[in-house]
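Below: the structure, in structure tokens.
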Amino acid sequence: MQKMILIPIFRIICALMTNPLSIDNYQRPRLDVPDNACKVLLHSCCAPCSGEVIEAIQASGVEQTVFFYNPNIHPIKEYEIRKDENKRFCDKLNIPFIDADYDMDNWFERVKGLENEPERGERCTVCFDMRFERTALFAHENNFSVISSSLGISRWKDMNQINGCGERAADRYEDVTYWTYNWRKMGGAPRMVELSKKENFYQQEYCGCVYSLRDTNHWRMQHNRPRIKRGVKFYGLEQQEIDIKNVE
Ligand code: SF4
């Protein structure tokens, strides 16, 4: 009887230990870029979301440039941390990194009247529109025919909403296409976390804008959880701290 229980448990443990979708085991497929383009302009929201996407594109032998345009991120200190983390990873892989404007005033102007919208609501559509419009413009002016974004890899986001905004921005230019690839599929979402731990990326705890910070803190207080502490949490380091304490 005991043996009957132990064998399936052992099999599950073995399967978990040899996860074929983990970074070390996964055989990345060659991705089909729209129109067989040989380069992509990737809008990036942050290092944790874009890390997996950057590696997937790189493994396909496709040239890429990372475009960091996120005037939604608030306050500026948080913006600088997220940007620097993203640049650090791009520098490591020798990938060009475009540091676009932080035109925060324009962002606040565009979302005026939408301050109390929930996440994934109308304010987010306007926010994505603004970020993708600038990405598409840069692509048009700098000879990129394909753009995409790391935003859709997060399970907190609505893929249809993001793809709709991306396509709308690209439609402004005849020579630009938005690549609606689902970066979450084939284990992309768990690999994103795995890679973030490997690289010790900064772990932000809210989407980015001052309203998402407000709403996340509100939810936390309602659930007896502490308010967000910005700039202190990094993927993979909690376990290291526990290990250090155990050694001491
Ligand atoms: S919640 Fe996120 S996507 Fe929505 S408006 Fe704020 S920063 Fe932009």
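Quick one: in the stretch 189-211, which of the residues that are small (Gly, Ala, Ser) and at pLDDT 95 or above is nearest to the ligand (Cβ to nearest atom)?
Across the stretch 189-211, the extreme among qualifying residues is Gly208.
One residue is enough: does the stretch 64-81 have a residue meeting the conditions surrounded by 23 or more Cβ atoms within 10 Å (Cβ to Cβ), under 16 Å from Tyr206 (Cα atoms) and of a type outside the set (A, V, I, L, M, F, W, C)?
Yes, some residue in the stretch 64-81 is surrounded by 23 or more Cβ atoms within 10 Å (Cβ to Cβ), under 16 Å from Tyr206 (Cα atoms) and of a type outside the set (A, V, I, L, M, F, W, C).
Leu137 - would you say it is away from the ligand (no atom under 16 Å from the Cβ), in contact with a Pro (Cβ under 9 Å, 6 or more places away or on another chain) and either within 30 Å of Asn25 (Cβ to Cβ) or modelled with pLDDT of 95 or more (or both)?
Details: away from the ligand (no atom under 16 Å from the Cβ): yes; in contact with a Pro (Cβ under 9 Å, 6 or more places away or on another chain): no; either within 30 Å of Asn25 (Cβ to Cβ) or modelled with pLDDT of 95 or more (or both): yes.
Spelling it out, it is not the case that Leu137 is away from the ligand (no atom under 16 Å from the Cβ), in contact with a Pro (Cβ under 9 Å, 6 or more places away or on another chain) and either within 30 Å of Asn25 (Cβ to Cβ) or modelled with pLDDT of 95 or more (or both).
For the stretch 161-205, give me each residue that is of a type in the set (Phe, Trp, Tyr) and more than 27 Å from Glu122 (Cα to Cα).
Our first condition is that a residue be of a type in the set (Phe, Trp, Tyr); within the stretch 161-205, this holds for 173, 178-179, 181, 183, 201-202.
Hits for the stretch 161-205 are Phe201, Tyr202.
Determine which single condition Asp32 fails, assuming it passes every other condition in (1) assigned to a loop (DSSP other than H, G, I, E, B); (2) surrounded by 14 or more Cβ atoms within 10 Å (Cβ to Cβ).
Unmet condition: (2).
Could you tell me which of the residues Asn143, Asn160, Asn116 is farther than 17 Å from Leu42 by Cβ and more than 13 Å from the ligand (Cβ to nearest atom)?
Asn160 is the lone residue from the list that is farther than 17 Å from Leu42 by Cβ and more than 13 Å from the ligand (Cβ to nearest atom).
Which of (1) under 14 Å from the mean Cα position of the chain (by Cα); (2) assigned to a helix (DSSP H, G or I); (3) touching a residue at least 40 places away in the same chain (Cβ under 8 Å) does Gly208 not meet, given it meets every other one?
So the condition that Gly208 fails would be (2).
Restricting the first residue to the stretch 60-72 and requiring it to be closer than 30 Å to Leu213 by Cα and away from the ligand (no atom under 16 Å from the Cβ), which pairs with a second residue that is small (Gly, Ala, Ser) and not in a strand (DSSP E or B) meet a Cβ separation below 7 Å and a spacing of at least six or different chains?
Val66/Ser44; Val66/Ser50; Phe67/Ser44; Phe67/Ala100
Looking for something more than 16 Å from the ligand (Cβ to nearest atom) and acidic (Asp, Glu) - is there at least one such residue anywhere in the stretch 102-112?
No, because not a single residue in the stretch 102-112 is more than 16 Å from the ligand (Cβ to nearest atom) and acidic (Asp, Glu).
Can you go through Asn116, Asn106, Asn142 and tell me which one is in contact with a strand residue (DSSP E or B) (Cβ under 8 Å, 6 or more places away or on another chain), more than 18 Å from Val53 (Cβ to Cβ), of a type outside the set (Val, Ile, Thr) and touching a residue at least 12 places away in the same chain (Cβ under 8 Å)?
Asn142
What residue, among those in the stretch 156-178 that are without any contact (Cβ under 8 Å) to a residue 24 or more places away in the chain and not in a helix (DSSP H, G or I), is farthest from Phe67 (Cα to Cα)?
Glu174
Filter the stretch 163-188 down to residues that are surrounded by fewer than 16 Cβ atoms within 10 Å (Cβ to Cβ) and under 15 Å from the mean Cα position of the chain (by Cα) and give me whichever is modelled with the highest pLDDT.
Among those that are surrounded by fewer than 16 Cβ atoms within 10 Å (Cβ to Cβ) and under 15 Å from the mean Cα position of the chain (by Cα), it is Asn182.
Give, as residue ranges, the helices (runs of 4 or more DSSP H) completely inside the stretch 61-155 that count at least 3 residues that are farther than 26 Å from Thr216 by Cβ.
76-92, 122-141
Going by what's in this entry, would Arg214 be described as within 16 Å of the ligand (Cβ to nearest atom), surrounded by 12 or more Cβ atoms within 10 Å (Cβ to Cβ) and in contact (Cβ under 8 Å) with a residue 60 or more places away in the chain?
no
The values are calculated or read from the model by the stated rules, or taken from the named source; none is laboratory data. No experiment lies behind these values; they were computed from the predicted model shown. Using ideal geometry, Cβ is built from the backbone for each residue, glycine included, and neighbour counts are taken over all protein chains shown.
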